[in-house]
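Derivation of every value follows stated rules applied to the coordinates shown; laboratory data play no part. As the structure is a prediction and not an experimental result, all values here were calculated from the model. Backbone-built Cβ (ideal geometry, glycine too); neighbour counts: all protein chains shown.
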Amino acid sequence: MTAPTPQSAAALLAEAAAADARVRREAGPAASGFLATLGCASAGFSLAQPVADGDRGVLAAAMVFVFAVLGAVLALLAGRRSTRHGFARRFGLAMGAWAAVFAVGLAVGLASDAARGWAFWAPLAVLVAAPCLVGAWRELPR
Amino acid sequence: MSGPRGVHPRHELDELIHAPVRFSVMATLASADEAEFGFVRDGVQVSDSMLSKTVSALEKAGYVEVRKGYVGKRPRTWLRLSRRGREAFGAHVAALRAIADGAVPPAQPGTSR
């Protein structure tokens, strides 16, 4: 093996950096798009609660939410050619935080008569969207 | 130009990774948890057969793991670095960085290089 010169070693390091940038460009937008869609759909579902007219309104909002998330999942899986290193851990954190806030918020909101208005659902929309939007921002290519 | 143990960093280079195509493949996989065969091929700019051969060599060394799967009905091959491969690539890059930084090793009295 021929030992590299400082110049050729620097060139190899630059090549590794370029490969890293390429993976970020490839993997970032799909993951980011999925998390942003999930965050916005969850916020929309939460904001729909005060205006939903009875059970049918809630069911309609839930259907829109489920289809939006399913579409995002399919787009993520079908278009995926690589996943960034560390993505699974960051993804798990964002999804875990989202699921916890969403589950607790829904449980309280749907079970309690005191939590039927905008004063409850609007802040919940922000809280439930935040983990996903932060996760989406972290996955953006840089 | 000395490494952590006072030896020239070229001794820390991994001969298997040092080959250009293997290095490019490892660099791509080091940035990814997992990457599809076609993505690596396009990035490294080699043919399918060349990448297969390279991956086989790296897999044999325990540096790369291969997973076959499907997206819909389309077969896909996914590549990832094993833990050993990630460590080996990290050490290789550290050695390259030491060489690129160009630190001069202390001369050993009575020895010539």
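Odds and ends about this structure:
- Rounded to the nearest 20 debye, dipole of the protein assembly as shown from Cβ charges on Lys, Arg, Asp, Glu: 480
- Trypsin sites (Lys or Arg not before Pro) restricted to DSSP loop in segment A:75-133 with at most 14 other C-beta within 10 Å: A:Arg116
- What the Cβ-Cβ distance of A:Leu106 and A:Leu77 gives, at R0 = 25 Å and to the nearest 0.05, is a FRET efficiency of 0.45.
- Selection of trypsin sites (Lys or Arg not before Pro), segment B:45-86, meeting DSSP coil and at most 15 other Cβ within 10 Å: B:Lys73
- Distance from the Cα centroid of segment B:48-68 to that of segment A:1-70 is 29 Å (rounded to whole angstrom).
- Per-q log10 I(q)/I(0), segment A:59-142, q = 0.16, 0.25 Å⁻¹ (Debye; single scatterer per alpha-carbon; no solvent): -0.76, -1.36
- Amide H contacts under 5 Å for A:Arg84, placed H, 5+ residues apart: B:Asp33
- Using a Förster distance of 22 Å, the FRET efficiency for B:Ser52-B:Ser82 (Cβ separation, nearest 0.05): 0.80
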